[in-house]
Amino acid sequence: MREAPVSLETIRAAAGRISGRVRRTPVLEATALREPPAPGSLLLKLECLQVTGSFKPRGALNKALGLEAPRGLATASGGNHGLGVAYAASVLGLPATVFLPASTPETKALKLRSWGASVRVVGSVFDEANEAALAYAVAEGTTYVHPFADPAVISGQGTVALELLADAPDADTVLVAVGGGGLLAGIATALKALRPGMRVIGVEPVGAPTLHNSLEAGEPVTLERIETEAGTLAPLRSAALNLDLIAASVDHIALVDDEAMRQAARWLWFELGVAAELSGAAALAALMAGVYRPAVDERVIAVVCGAGADGLG
């Protein structure tokens, strides 16, 4: 019998591999605040406090630590995955080259350079930058690290779920932002293996419904255009690996618009002092906008997946 490329076993192995090299981020109880964003019990998993400001080092480091004698790392990113790869490269003492689309905020490029990465801006969307990164990796003999369609990367992201269950074993539902689907696929795979009855809800921008449309079609589809400011949640196309894992383990994909994400980011800042980028606030936005309506006694965890200030403008 062929072993699954991503499973509870690969996720547990990733947790052991990256232990001590990434942060165990806190889970914050958010029900007793001045303006609760939704009925029921709300918890926030603050991956925005992860090293580099998002969950991405988990997957990038798991991938890098599994390589044999790599010459360097290359990738394409809307910013956060690139930072994860740059961090992984710094841990291993390797060079990193990150290709960014022109829509990436300059603050992300500056932060990448501060981690020692070489930055190249190519194209207007992730997919164009990704083509350039693939070509560069082949030409230079470096290891290309896919931001979401790699079993090692997905398994690393899935380690978030192990922490969630340890800190909130009685949770009923987890809401997770989804771009290419690496974080959602990893979390859902682990949760459904350990707690089959737990609901897993993906949250995607209205202007970039990549996984939503792919699930409806039963195969990966390519969007004609991107119409969201949440650039880290906006690939034109996902991958069959992610789609298959998500179709098997995710209960629903909810769609939120940019204004809902912006309102959620403002709430996080003014109520909690947590600075989340638009994508980082997407899971909470699904609650605040009523796209996902929990029961009064439902215990919900929203993953705040990325730090930033673009949602406060």
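Just a few scattered comments:
- Consider segment 271-313 and keep the residues that are in a loop (DSSP other than H, G, I, E, B), β-branched (Val, Ile, Thr) and farther than 13 Å from residue 201 by Cα. The one that is nearest to the chain's Cα centre (by Cα) is 274.
- Given (1) of a type in the set (D, E, K, R); (2) surrounded by fewer than 20 Cβ atoms within 10 Å (Cβ to Cβ); (3) within 25 Å of residue 43 (Cα to Cα), number of the condition residue 225 does not satisfy: (3)
- Here residue 57 does not qualify as in a loop (DSSP other than H, G, I, E, B) and of a type outside the set (D, E, K, R).
- Residue, most open to solvent (accessible area, probe 1.4 Å), within segment 259-268, restricted to residues that are touching a residue at least 12 places away in the same chain (Cβ under 8 Å) and farther than 17 Å from residue 202 by Cβ: 263
- Filter pass, residue 160 being in contact with a helix residue (DSSP H, G or I) (Cβ under 8 Å, 6 or more places away or on another chain) and either among the hydrophobic types (A, V, I, L, M, F, W, C) or within 27 Å of residue 295 (Cα to Cα) (or both): yes
- Scanning segment 197-213 for residues that are open to solvent by 10 Å² or more (accessible area, probe 1.4 Å), in contact (Cβ under 8 Å) with a residue 12 or more places away in the chain and of a type outside the set (D, E, K, R) yields 206, 207, 209, 212.
- Hey, residue 104 at negative phi and assigned to a loop (DSSP other than H, G, I, E, B) or not: yes
- Selection over segment 248-286 of residues that are of a type in the set (Val, Ile, Thr) and over 20 Å from residue 226 (Cβ atoms) gives a count of 2.
- Taking the criterion of being in contact with a helix residue (DSSP H, G or I) (Cβ under 9 Å, 6 or more places away or on another chain), part of a loop (DSSP other than H, G, I, E, B) and not β-branched (Val, Ile, Thr), the residues of segment 238-270 that qualify are 238, 251, 257.
- Of the criteria (1) within 13 Å of the chain's Cα centre (by Cα); (2) surrounded by fewer than 24 Cβ atoms within 10 Å (Cβ to Cβ), which one residue 243 fails: (1)
The values are calculated or read from the model by the stated rules, or taken from the named source; none is laboratory data. All figures in this text were calculated on a predicted structure; none of them were measured in a lab. Positions of Cβ are backbone-derived with ideal geometry, glycine not excepted, and every protein chain shown enters the neighbour counts. We work out accessible area using only protein heavy atoms, side chains counted, and drop any ligands, DNA or RNA first. Shrake-Rupley method; radii C 1.70, N 1.55, O 1.52, S 1.80 Å.
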